[in-house]
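The values are calculated or read from the model by the stated rules, or taken from the named source; none is laboratory data. Remember, it's a predicted structure, so these values are computed and weren't measured experimentally. Cβ coordinates were reconstructed from backbone atoms using ideal geometry, including for glycine residues, and neighbour counts include every protein chain displayed.
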Amino acid sequence: MTRLEKVFNQKETKNKVLVTYTVAGDPNLGSSKKILNDLIASGADILEIGVPFSDPMSEGPVIQKAHERALKKNIQFKDILNLCKQIRIKNKNVPIVLMGYMNSFLSLKNKLAKELNQAGVDGVIVVDLPYDESKSFFNNLKKENIDLIRLISPTTDSKRLKRMLASSSGYLYYVSLKGITGAELKNFNEVKNKVKKIKSLTNLPVVVGFGIKDAPTAKKMASFSDGIVVGTKIIDFIEKKSTPKISNFTKSLKKAIN
């Protein structure tokens, strides 16, 4: 059983899963390592680590600035893999998922899956993965037990969703609103109905992200999903040099969803 399967295994626990998102190297690699370890200690079940990119098109201004700060430190993909290895030294169980854009993952070419496995990475989310390339990409990753986690948006129709599910594993990330990260979430019923529809088509867990900034919203979203993803608020603390607040915030989210 993989680390991701263990986290979502409902036979062991009925707890909902807390996924946290930060950008590797923001504000620097040393701080990234500390923040990620603090997130684990505060209740994060899965670490989503953003791969810095020059044009993160789906991100709001807060996360865009995080990418910019990391790029100014000249963070390379090899640095991120090394960061993951360092996290694994201290923690063997919490899954690590890298989230980024196709160009970044292509930098390792046919060595990608093996390098990810050796670094202790459990899955990847590729924001701009072309559908035509997804099957071969998925198969190459699976050879090294790396999950390809797919983003499902409110505009994804049933036909496309079914095709995406054929090359998905680990869990599904439902983007709760049309727009960028950090936007306001208003229509909970719409999100609930969409998640229900997705779950009727697959046994994969479904987590909800975008627009979750506090414990009450997290609780509401977790009531009909398998977990939640929170990133913008955490990165906002980093930008404001208020990293000590991250632990209490993470604990409040964990308490709210379980």
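Yes or no: ALA44 buried (at least 20 other Cβ atoms within 10 Å of the Cβ), in a helix (DSSP H, G or I), in contact with a helix residue (DSSP H, G or I) (Cβ under 9 Å, 6 or more places away or on another chain) and at negative phi?
In short, no.
Give me the helices (runs of 4 or more DSSP H) completely within segment 76-166, filtered to those with at least 2 residues that are touching a strand residue (DSSP E or B) at 6+ places or on another chain (Cβ under 7 Å) and closer than 19 Å to ASP45 by Cα, ordered by residue number. Outline the logic, then answer.
On the way: elements: 77-90, 102-106, 112-119, 131-142, 158-165.
Where helices (runs of 4 or more DSSP H) fall fully within segment 76-166 and carry at least 2 residues being touching a strand residue (DSSP E or B) at 6+ places or on another chain (Cβ under 7 Å) and closer than 19 Å to ASP45 by Cα, they are 77-90.
Just to check your reading of the model, which residue among ILE125, ILE63, ILE96, ILE149 is in contact with a Cys (Cβ under 6 Å, 6 or more places away or on another chain) and either in contact (Cβ under 8 Å) with a residue 40 or more places away in the chain or not β-branched (Val, Ile, Thr) (or both)? Talk me through it step by step, then tell me what you get.
Working: ILE125 fails: in contact with a Cys (Cβ under 6 Å, 6 or more places away or on another chain); ILE63 fails: in contact with a Cys (Cβ under 6 Å, 6 or more places away or on another chain); ILE149 fails: in contact with a Cys (Cβ under 6 Å, 6 or more places away or on another chain).
After ruling out the rest, the residue left standing is ILE96.
Only residues that are over 18 Å from GLN64 (Cα atoms) and among the acidic types (Asp, Glu): list them for segment 1-49, please.
Residues satisfying the conditions are GLU5, GLU12, ASP38, ASP45.
Checking ALA70 against (1) in contact with a Pro (Cβ under 7 Å, 6 or more places away or on another chain); (2) of a type in the set (Gly, Ala, Ser); (3) not in a helix (DSSP H, G or I), only one condition comes out false. Which one?
For ALA70, the exception is condition (3).
In segment 120-167, which residues are surrounded by fewer than 20 Cβ atoms within 10 Å (Cβ to Cβ), of a type in the set (Gly, Ala, Ser) and touching a helix residue (DSSP H, G or I) at 6+ places or on another chain (Cβ under 9 Å)?
Correct list: GLY120, SER134, SER158, ALA166, SER167.
Please find, among LYS90, LYS111, the residue that is surrounded by fewer than 14 Cβ atoms within 10 Å (Cβ to Cβ) and either touching a residue at least 40 places away in the same chain (Cβ under 8 Å) or within 25 Å of GLN64 (Cα to Cα) (or both).
Among LYS90, LYS111, only LYS90 is surrounded by fewer than 14 Cβ atoms within 10 Å (Cβ to Cβ) and either touching a residue at least 40 places away in the same chain (Cβ under 8 Å) or within 25 Å of GLN64 (Cα to Cα) (or both).
Which of the residues that make up segment 194-206 are surrounded by fewer than 17 Cβ atoms within 10 Å (Cβ to Cβ) and assigned to a strand (DSSP E or B)?
Within segment 194-206, none qualify.
Here's the yes/no breakdown for (1) farther than 23 Å from GLY123 by Cα; (2) surrounded by fewer than 18 Cβ atoms within 10 Å (Cβ to Cβ); (3) at pLDDT 95 or above:
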position	(1), (2), (3)
ALA183	yes, yes, no
LYS186	yes, yes, no
LYS192	yes, yes, no
VAL208	no, no, yes
LYS220	yes, no, no
ASP226	no, no, yes
ILE235	no, no, yes
SER247	yes, yes, yes
LYS251	yes, yes, yes
